[in-house]
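Beneath this line is the structure, given in structure tokens, with notes to follow.
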Amino acid sequence: MLNSNSGGSAWTASKSDPENTPASDGWEATRAQTALATQFLKDERDYLEGEQPDIGRQVGAHARELFVSCDPAQAMRQQFEHLHPEYIAVHDMGTTSSRKLIASIAAASNRSVQTLTIRRQGFGTTLATLEFIELPTSEGTLLRMYTTEADADTAARHGLATTLLAFSRLGVFLVGEMPNHALAAAFKPVHEDMLRGPWPNRNLLLLPLASANALVSQGAELSRGTQVNVRTTPKVARPADAWGFISSTWSRLREHMQPVGNPPQRRGTASSAGGAGPRSVPATPTPTPPAPATVPLPLRPMPAMRTAASHAVPENVLERYVQQLSQLAGMVSCCIFDVASGRALNHAGASPGARDLAEHGTEMLSSMQASSRTLGLGHAIPEAAITLGAHHLVLRAVPRHPGLALHAVLDKTHANLTLARLQILRMDSLFDA
């Protein structure tokens, strides 16, 4: 079996003259520049030695890669059926808060958000990227928490979200402000997936970011005809509130899954329940988050999540500007940067981060400005709206701040580009005060 380091290049040009350098010297020069020389291993056991059973291979401090020959959702299902990991999946419905929640929990626990990149075998093409964090438990193991908001095309993103929720030990829905008919329409395909199966997950937790009244009845409808316990919590406005409900629910599940006196199971091993959660826990519409004597995931304090109900006063007009931009429907990440230096000044949202948005925004604006000058069309910072496979990009100058520009990324499935541009334009009034 062939094992090569994914982090290094397969071929690296030698700096020496190939005509005057023997082939062996050229190979040694190339080998010296690679992080790890290619190795030939006798069997699969040697290949996997030192690597714990997990999804994908570690390629960086906070990155893993999984090469597949099928679609990402099917590949993840095969991994879950083989490894039987215990994890929590967090899903957005009418909001884009799951990544913010993951990032807030990571910051509060001094851990890093990690990525799992799914690539096409033989080509290396990126099919999807998932974000997750690994949190320590009181048992000395690690609990993984995924966000279902994958960077992928629409079909792959839907398939991955369904697979992550179906095979999780606890599925969490973050539900934004939605009218009753929109809630029913959003939950209908989830209910159909649960009925169609496979759906080994037996525990769902609905966390309303707005009113919880309509969500209670939707939760009852969601569990109809299934063996899934669906609980609805009171309204949550901060990651601390959300984490209180998630951690206490997980604690109760662990009490039923792991009898006292049995050795704890590590992530990546099959449980005796075979993926089915406890059926003895009654589904209650508004559970309160009790504080058990031993909390499996003690994380305090939690940073506040910026929501519509937040009254934190920004330090300056630019920070207030990006905060309001981050609340637009479908906004994934936005950044204000200095065009001359490419330095990020203010940022809100999840991935891509401030540095990436600033660097690539500078490159795109520089290219457009060069074209504008060549065509004799002026030297002003151009404005651009770009549609990609699953996202929209918006680039424009920041009003009344010469040399500063905005680079925003919006989710194509949740944002209307024309409406988003109008909403961004209206926010120019912030700089008139």
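Compute the length gained on full extension between Leu377 and Glu177: take 0.36 nm times their separation in residues and subtract their Cα-Cα distance, giving the result in nm to one decimal.
Gain on stretching Leu377 to Glu177: 67.5 nm.
Normalised per residue, the accessible area of the stretch 49-126 is 46 Å², obtained with a 1.4 Å probe and no contribution from ligands, DNA or RNA.
Amide H to amide H distances under 5 Å link His391 with Lys412, where only residues 5 or more positions off or on other chains count and H is placed in the peptide plane. Determine, from the Cβ-Cβ distance of Ala384 and Phe123 and an R0 of 45 Å, the FRET efficiency 1/(1 + (r/R0)^6), rounded to the nearest 0.05. That pair, Ala384 with Phe123, gives E of 0.90.
Would you give the gap between the C-alpha center of the stretch 193-249 and the C-alpha center of the stretch 114-166, rounded to a whole Å? Result: 21 Å between the Cα centres. For the stretch 166-174, putting each phi into the Karplus relation 6.51 cos²θ - 1.76 cosθ + 1.60 with θ = phi - 60° gives couplings of 5, 9, 6, 7, 9, x, 10, 9, 8 Hz, in residue order, rounded to whole numbers and with x for Gly and Pro.
Distance distribution note for the stretch 97-254: the fraction of Cα pairs above 23 angstrom is 41%. Entry note, the stretch 365-433: relative contact order of 21 percent, from Cα contacts under 8 Å with a spacing of 6+ residues.
Using θ = phi - 60° in the Karplus curve 6.51 cos²θ - 1.76 cosθ + 1.60, the 3J(HN,Hα) couplings for the stretch 364-374 round to 5, 5, 4, 5, 5, 5, 4, 5, 5, 5, 4 Hz; x is entered for Gly and Pro.
Computed on the stretch 103-229, with alpha-carbon pairs under 8 angstrom and 6+ residues apart, the relative contact order is 17 percent. With the convex hull constructed from alpha-carbon coordinates only, the stretch 358-403 shows a mean projected area of 3.8 nm² over all directions. The calculated FRET efficiency for the pair Cys70 and Leu419, based on their C-beta separation and a Förster distance of 41 Å, comes to about 0.65. Full extension of the segment from Val317 to Asp432, taken as 0.36 nm per residue of separation minus the current Cα-Cα distance, would add 40.4 nm. Taking each residue as 0.36 nm, the span from Lys188 to Arg343 lengthens on full extension beyond its C-alpha to C-alpha distance by 51.3 nm. Here each label is just a point 7 Å from Cα along the line to Cβ, and for Arg224 and Ala107 those points are 4.1 nm apart.
The values are calculated or read from the model by the stated rules, or taken from the named source; none is laboratory data. Treat the numbers as computed from the prediction; the structure is a model and nothing was measured. Using ideal geometry, Cβ is built from the backbone for each residue, glycine included, and neighbour counts are taken over all protein chains shown. Ligands, DNA and RNA are stripped out before the accessible areas are found, and what is left, the full protein with its side chains, is counted by its heavy atoms. Shrake-Rupley method; radii C 1.70, N 1.55, O 1.52, S 1.80 Å.
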